[in-house]
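Notes to accompany the following structure.
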Amino acid sequence: MMNWLKKPYRWAWLFSLLLTASSCWILLKAFVLPDRQVAVATVTDSTAASTDNSTEETTASSESVVATDTSYTSDGLTITLTEKRVDETTVYIADIQTVDSSHLQTALAENTYGRNIKETTSAMAAENEAVLAINGDYYGFRSTGFVLRNGTLYRDTANGDTQALVIDQDGNFSIVDESTTSAESLTNAQQILSFGPALIEDGQIAVSTSAEVSQSMTSNPRTAIGQIGENHYVIIVSEGRTSDSEGLTLYQLAEQFEELGATTAYNLDGGGSSTLYFNGKVVNQTVGGSDNSEERAVSDILYFK
């Protein structure tokens, strides 16, 4: 063995092999191998808000439910879905009104927090019996950014000066700067999503015409959520990157929320992740699969039930 190593360039060859193996391991760990992790803390009292899939004891079988391709009405939840064209782009708008905040929930892929643990939005929606669902912030694609779901804090590491969406136990929205806020200090928070940016704050557009998500094209499929009033929400999902739909800029997206009267609105993961699920099926044209048409598997969803 020692004689073999003494030959010219053998050390360099061995070093290159080890470097390649190390690089492959880092890439596998970052993007492929599932890494199940544990929660940091439970922030909210479990008696104040449910943390599992049985939040409501009242089920569809005991309610008066009327569902169509564009609407859903039960004793506690009303959703109206509309489609429109905005700047050569197909846009879906869901107006949601609930009797209380328990109808607004989040779910993790495989009901597990960690990296590279993914399911499609529609699969998670079906598993949680959601009426309407959208992709969340794809927290698993990053190692920083606040992650709090259904009252449990999973990650309290700030992602620079990222703006995070906080949904409190009453279902009200607010925007915080992660660089100046501690996740553990948000004791009334029920959900924290970290992607951004904020589109509407205090009823006013909060992005410039040149604002864009880092490393993203200026026009994209988009997923965003806003609040109009108490227990009154609006979701916008736009198509993009297709011959039929160019996609929206962040400013164009913010304009739609402003027209709808949102007081707060927030941009979630978009592009290939953008998915709108309603009444048992995916509504929008997705562009996240390997053939640029199937759904992209993601880390989490936000849904109404």
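Coordinate-derived values only; no laboratory data. Note that this is a predicted model, so its numbers are computed, not measured. All Cβ positions, even for glycine, are placed from backbone atoms using ideal geometry, and neighbour counts span all protein chains on display.
In this structure, the amide hydrogen of LEU276, modeled 1.01 Å from its nitrogen in the peptide plane, lies closer than 5 angstrom to those of VAL283, ASN284, counting only residues at least 5 positions away or on a different chain. 3J(HN,Hα) along region 85-98: 9, 10, 6, 6, 9, 7, 10, 10, 10, 10, 9, 10, 10, 10 Hz, from the Karplus curve 6.51 cos²θ - 1.76 cosθ + 1.60 with θ = phi - 60°, whole Hz, x for Gly and Pro.
So for region 195-305, Kirkwood radius off the Cα pairs, Stokes-Einstein at 25 °C and 0.890 mPa s: how many µm² s⁻¹?
The Stokes-Einstein estimate is 172 µm²/s.
Mean sequence separation of contacting Cα pairs (under 8 Å, at least six apart), scaled by the length of region 36-304, corresponds to a relative contact order of 25 percent. Rounded to the nearest whole Hz, the Karplus-based 3J(HN,Hα) values (6.51 cos²θ - 1.76 cosθ + 1.60, θ = phi - 60°) of region 228-236 follow the sequence 9, x, 4, 6, 10, 10, 9, 10, 10, with x at glycine and proline.
Using a cutoff of 8 angstrom between alpha carbon atoms and counting only pairs six or more residues apart, the relative contact order for region 214-276 works out to 44 percent. Amide H contacts for TYR113 (H built 1.01 Å from N in the peptide plane; partners 5 or more residues away or on another chain; cut-off under 5 Å): GLN37.
Backbone phi angles across region 266-276, fed through the Karplus curve with coefficients 6.51, -1.76 and 1.60 (θ = phi - 60°), yield HN-Hα couplings of 9, 7, 9, 4, x, x, x, 7, 4, 8, 10 Hz in residue order; Gly and Pro are listed as x.
Put a dot 7 Å past the Cα of GLU212, heading toward its Cβ, do the same for GLU184, and the two dots end up 3.9 nm apart. Label separation (GLU259 vs ASP202): 2.6 nm, computed from points 7 Å beyond Cα along the C-beta direction.
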